[in-house]
Amino acid sequence: MADAVFGEQTLPERPPTNWRERLELSATLQWQLYRAHPWLAGAMKLNRPLLIPNGIRHIDWALAALDGLGLDDDTRMHTAVTLFGYVRGHAVDLEPESDAARTSGVTGQEWMRAQETRLTALVDGGAFPAFAAARADSALSPESLLHHGLTTLLDGLATRITTPPN
């Protein structure tokens, strides 16, 4: 079933030529699959990967973005699989959240709003000053967390590139 799901997605024949844009697109496409099929992230494993052609096609597509950047094969493979694992790691919460929303009738956002009084009581006591300060200006969502981490991951990769792209 996982191979069929990954096969549903057509990877662009003319992908972005910039490595970073291509890896961002790779992550976005993978996230779309997990959003459409919340069970998929739980089926995918990094230690005992499913050897499915359409999954490998996604890794291959990400690897191609790293060609010609002065990265050795081991770094390229680690980068592609780390990116895959990073997106999958965020997507693992999608199925339990979907189940909770369906069975309770309460969305994740509604649940968070309902917790506000309790959270405020915890934070206003002064035991968590850094959390309290950061919380005031922070709006977290699955997508914001995904994109923040992706930016950080790709910024780190940029420091390892030794050959400027053409």
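The values are calculated or read from the model by the stated rules, or taken from the named source; none is laboratory data. Note that the structure is predicted; figures quoted are calculated from it, not measured. Note that we place each Cβ from the backbone using ideal geometry, even for glycine, and neighbour counts take in every protein chain shown. Quick note on the areas: whole protein, heavy atoms, side chains included, nothing else; ligands and nucleic acids left out. Shrake-Rupley method; radii C 1.70, N 1.55, O 1.52, S 1.80 Å.
Of the options Gly89, Thr152, Met77, report the single residue whose Cα projects farthest towards the positive end of the charge dipole of the range 72-166 (beta-carbon charges: Lys, Arg +1; Asp, Glu -1).
Of the options given, the answer is Thr152.
Please give the per residue accessible area of the chain, computed with a probe of 1.4 Å over protein heavy atoms only, in Å².
63 Å²
Once you've got the GNM for the chain with C-alpha springs shorter than 10 Å, pick whichever of Asp93, Asp124, Asp155 has the biggest mean-square fluctuation.
Asp124
If we sort 60-73, 109-122 on the protection proxy, mean other Cβ atoms within 10 Å, highest first, what's the order?
60-73, 109-122
Quick one: among Val123, Val92, Val81, which has the greatest mean-square fluctuation in a GNM of the chain with alpha-carbon springs under 10 angstrom?
It is Val123.
Which residue, Gly126, Gly149, Gly42, has the most motion in a Gaussian network model of the chain that connects Cα atoms within less than 10 Å?
Taking springs between Cα atoms under 10 Å, the residue moving most is Gly126.
Just the number, please: carbon plus sulfur as a percent of the accessible area of the chain, 1.4 Å probe, no ligands or DNA/RNA counted.
For the chain, the apolar C and S fraction of the accessible surface comes to 57 percent.
If you plug each phi of the range 91-108 into the Karplus form 6.51 cos²θ - 1.76 cosθ + 1.60 with θ = phi - 60°, what whole-Hz ³J(HN,Hα) values come out, in order, with x for Gly and Pro?
Whole-Hz 3J(HN,Hα) from phi for the range 91-108: 6, 4, 6, 5, 5, x, 5, 4, 5, 5, 5, 5, 6, 9, x, 10, 6, x.
I need the phi-derived Karplus couplings for the range 137-147: 6.51 cos²θ - 1.76 cosθ + 1.60, θ = phi - 60°, integer Hz, Gly and Pro marked x.
Result, rounded to whole Hz: 10, 10, 10, 8, 8, x, 6, 5, 5, 4, 6.
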